[in-house]
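Report on the following structure.
The values are calculated or read from the model by the stated rules, or taken from the named source; none is laboratory data. Note that this is a predicted model, so its numbers are computed, not measured. Cβ placement follows ideal geometry from the backbone for every residue including glycine, while neighbour counts extend to all protein chains displayed. Ligands, DNA and RNA are stripped out before the accessible areas are found, and what is left, the full protein with its side chains, is counted by its heavy atoms. Shrake-Rupley method; radii C 1.70, N 1.55, O 1.52, S 1.80 Å.
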Amino acid sequence: FTQDYNNVSGSSDSGESITIWVNWGRDQAQVLNSLIQSQFVPKYNIGVNLKVVNTTVVQAVVSGNGPDCILQQSRTEPVNLAMRGILVDLSRFEDFPAVCERFMPGATVPYEYQGGCYALPDTQNFYMMFCRTDVFEDLGIDIPTTWTEFLNVLTVLARSNLQVGLPYTQIVSTGTVNVGVGGLSLYPSLLLQNGVDMYSSELDSTNLTDAAAIDIFCQWSDLYTKYKCPVTYDFYNRFRVGTMPLGIQSYTMYATIKEAATEIDGRWTMVPIPGHEQSDGSVKHTSAGSGTGCAILKMSENPDNAWKFLQWWTSSDTQYQYSTELEAILGTLGRNASSNVEAVQKMAWDGDMLEGLLEQWKAVEEIPETPGSYYVARGVDQCFWNVVNANENPMDMLMKWGTIVDDEITRKRAEYGL
């Protein structure tokens with residue numbers, strides 16, 4: 001009853017010690033602690049107190065008992081904390097540009113605010129398309145590369161009583177909103193493929209009420225209303241048994257299928273999502289990204305040591321070893337969606353799936369975060385449900401909710417003097 005079960009590891013109370021908070025399972029924390037004690041501490045001679053917590057950074061700041069670093073913060077948190085003056089601007093460190101070269105271009109965009117960068121991406125996620133190649137061969141159809149081809153394939157599958165799975169996450173909690181709008185549905189990806197940004201250039205309003213955004217929203221909602229794609233379903237099970245031989249999901253679905261559906265090994269593949277045909281004949285396969293970031297709190301007494309830890313944590317060797325050791329414990333399901341490109345390339349992938357993964361990753365565009373952006377995901381969700389469930393007019397809904405979202409962004413910016 002007296003043991004502190006939040007503490008995974010402890011170090012001396014010298015000034016060289018730093019405290020790290022993670023909100024993970026104990027398996028993940030134990031693996032990280034093993035790497036810290038065997039590699040980071042001997043190399044830098046900096047003690048590390050690693051704690052598994054289930055509390056917010058705001059509570060830590062208010063209590064004055066917070067960490068130096070926090071890992072894998074949800075997508076919206078760094079900017080929300082930065083505008084409150086809680087986080088350290090990482091771009092002030094001299095070697096920040098060199099560290100950013102570990103990631104795909106633009107990976108830090110969601111963590112940038114007012115010219116600074118307040119987190120490093122430690123995970124990055126995006127959509128891929130999963131196909132049952134055996135079913136496609138039986139039906140004599142090719143894997144689609146454009147949305148026009150996708151709709152044609154969807155029609156052929158429907159004639160055989162088969163369905164297509166599209167990503168959609170219903171917003172039921174604050175945690176869902178914190179994923180960021182790019183990781184909840186295809187709508188942001190379709191906007192980017194058509195050259196439409198989610199926000200204005202000044203990030204002081206959305207483009208939801210623009211004619212182009214409304215047209216793309218209609219195309220997206222038509223997939224559920226006219227083409228009858230299901231809103232809720234268990235993609236893994238339906239893909240495994242073959243009743244849903246085509247679907248767009250987070251690329252981490254690879255680990256689930258690989259580990260839990262060994263009976264279909266060699267009969268499925270993972271390729272980039274369909275793209276929008278450009279005027280020059282090329283196809284734009286852009287996918288919006290999602291993921292998490294790691295940050296340093298301003299209350300830290302050792303920000304330089306904390307920065308050394310973030311450099312170590314996001315390095316290719318650490319990310320690869322962390323993922324590999326998790327896979328040794330949890331199987332392929334433990335694979336980490338690392339933001340470090342070199343680390344992901346070292347991981348074991350079937351066939352040419354890594355090639356497709358890297359092709360899609362290069363086409364990922366991150367959506368920035370701005371004060372009040374938490375309302376964007378809510379607004380899009382409200383529009384979707386009103387159109388799909390209540391048969392409301394898409395233009396009316398986007399004009400209504402787009403205005404509400406813009407008003408919230410304006411209010412939030414005024415609150416912080418922007």
Top positive-direction residue, dipole computed over the chain with Cβ charges, set T176, Q360, T332: T176
May I ask you to give the percent of accessible area on the chain that is carbon plus sulfur, with a probe radius of 1.4 Å? 46 percent
Folded to 0 to 90 degrees: helix 316-330 orientation relative to the chain principal axis, Cα: 70 degrees
May I ask you to give the solvent-accessible area per residue for the chain, in square angstrom, as obtained with a 1.4 angstrom probe? 42 Å²
Around G247, which amide H atoms from residues at least 5 apart in sequence, or from another chain, sit under 5 Å from its own amide H, with H modelled in the peptide plane? F130, G165
DSSP beta bridges in the chain [antiparallel fraction, %, rounded to 5]: 70 percent
Sort 362-371, 82-91, 148-157 by packing, meaning the average of other beta carbons within 10 Å per residue, with the highest value first. 362-371, 82-91, 148-157
Taking amide H positions as placed 1.01 Å from N in the peptide plane, with prolines and chain starts having none, which residues 5 or more places from R75, or on another chain, fall under 5 Å of its amide H? G291
Ordered by residue, what ³J(HN,Hα) values in Hz, to whole numbers, does the range 55-71 give under the Karplus form 6.51 cos²θ - 1.76 cosθ + 1.60, where θ = phi - 60° and Gly and Pro are x? 9, 8, 5, 4, 4, 5, 5, 4, 7, x, 10, x, x, 7, 10, 9, 9
Can you pull the one-decimal nm distance between simple spin-label points at T243 and E101, each 7 Å off the Cα toward Cβ? 5.2 nm
Amide H neighbours of G275 at under 5 Å, excluding residues fewer than 5 places away on the same chain, with H built from the backbone geometry, are T146, W147
Which entry in (i) 69, 53, 48; (ii) 61, 54, 42; (iii) 62, 60, 41 is this structure's computed Cα extents along the principal axes in Å? (i)
Against the longest principal axis of the chain, how steep is helix 353-362, in degrees 0 to 90 to the nearest 10, with axes from Cα atoms? 80 degrees
Kindly count the pairs of lysines across the chain whose alpha carbons are less than 22 Å apart, treating pairs on different chains or eight or more residues apart as eligible. 9
With a 1.4 Å probe and every protein chain left in place, tell me how much accessible area M253 has, in Å² to the nearest 10. 30 Å²
For the full complex of protein chains and a 1.4 angstrom probe, list R26, R92, R335 by accessible area with the highest value first. R92, R26, R335
Which value, in debye to the nearest 20, describes the size of the charge dipole of the chain about its Cα centre when Lys and Arg Cβ atoms bear +1, Asp and Glu Cβ atoms bear -1, and nothing else is charged? 760 debye
Output wanted: per-residue J couplings in Hz (rounded whole) for the range 116-121, from phi through Karplus 6.51 cos²θ - 1.76 cosθ + 1.60, θ = phi - 60°, x for Gly and Pro. x, 10, 10, 6, 9, x
Got the relative contact order for the range 17-159 handy, in percent, Cα pairs under 8 Å and 6 or more residues apart? 19 percent
Just to confirm the number: angle between the C-alpha axis of helix 147-159 and the first principal axis of the chain, 0 to 90 degrees, nearest 10? 70 degrees
